[in-house]
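Visitor: The structure is given below, and queries will be raised subsequently.
The values are calculated or read from the model by the stated rules, or taken from the named source; none is laboratory data. This is a predicted model, so every value here is computed, not measured. Heads up, the Cβs are rebuilt from the backbone with ideal geometry, glycines too, and the neighbour counts pull from every protein chain shown. For the accessible areas, the whole protein counts, side chains as well, though only heavy atoms, and no ligand, DNA or RNA atoms are used. Shrake-Rupley method; radii C 1.70, N 1.55, O 1.52, S 1.80 Å.
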Amino acid sequence: MINTLPIANVIMPIAFEFYIGLLLFWLIVLPLEALIFKLLEKIAFLRIFLFIFLSNLVSWVLGFIIGTFVLSYIPLFTYSYFDSKGWVFSLFAIFIVSFFMSWFIEYFFLKLFAKRFSFTHLFKTTGYANMCSYIVLYVISFCSIIIQGLFF
């Protein structure tokens, strides 16, 4: 069964259970993005973690709304799971669109707090943070599709 899952901020159909995806979100994505900000912006990990969480939450909600009311009506994003080639292409397209949506939504959210943190390269850092988390989650998603194909 394909579940709708918040991954790195935006709603996406992923071929593994919702709770595993949520666990990945908490254990991988949020700390990874906070670590990128710590390294590139020289901000304490715990100090930025809450704002990374909030920016991901805002991005998740907006992604849900956009995904539900806009993307679900575009044929590219609506392939059936049973049309394996179309579905994999659709999943890839959703990852690309979601990446850019996440990047821009999080950037504008974090920009609201620019004075509090004195960001030096916010746009670039937000892009790198999202790129790293999306690469990790894309690999995990791709592997889960392969495993499902082998065993189911």
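To keep it simple, each residue is scored yes or no on (1) closer than 21 Å to residue 135 by Cβ; (2) at pLDDT 80 or above; (3) over 13 Å from the mean Cα position of the chain (by Cα).
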position: 23; (1), (2), (3): yes, no, yes
position: 27; (1), (2), (3): yes, yes, yes
position: 34; (1), (2), (3): yes, yes, yes
position: 55; (1), (2), (3): yes, yes, no
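Visitor: Is at least one residue of region 107-119 more than 13 Å from residue 36 (Cα to Cα), at pLDDT below 90, touching a helix residue (DSSP H, G or I) at 6+ places or on another chain (Cβ under 8 Å) and not aromatic (Phe, Trp, Tyr)?
Guide: Within region 107-119, one or more residues are more than 13 Å from residue 36 (Cα to Cα), at pLDDT below 90, touching a helix residue (DSSP H, G or I) at 6+ places or on another chain (Cβ under 8 Å) and not aromatic (Phe, Trp, Tyr).
Visitor: Evaluate the following for residue 90: is it hydroxyl-bearing (Ser, Thr, Tyr), at pLDDT below 80 and either in a helix (DSSP H, G or I) or surrounded by 15 or more Cβ atoms within 10 Å (Cβ to Cβ) (or both)?
Guide: It is true that residue 90 is hydroxyl-bearing (Ser, Thr, Tyr), at pLDDT below 80 and either in a helix (DSSP H, G or I) or surrounded by 15 or more Cβ atoms within 10 Å (Cβ to Cβ) (or both).
Visitor: Further, regarding this structure: Residue 136 versus (1) open to solvent by less than 80 Å² (accessible area, probe 1.4 Å); (2) touching a Phe, Trp or Tyr at 6+ places or on another chain (Cβ under 8 Å): which is the lone unmet condition?
Guide: Here residue 136 meets the rest and fails (2).
Visitor: So the check is Cβ under 6 Å with 6+ separation or different chains; which pairs have a first residue in region 20-49 that's open to solvent by 60 Å² or more (accessible area, probe 1.4 Å) and a second one that's among the β-branched types (Val, Ile, Thr)?
Guide: Correct list of pairs: 40/125.
Visitor: Right, here's the next one. With the structure loaded, tell me whether residue 62 is at pLDDT 85 or above, more than 22 Å from residue 41 (Cβ to Cβ) and crowded, with 16+ Cβ neighbours inside 10 Å or whether it fails that test.
Guide: Yes; evaluated as a whole, the condition is true for this residue.
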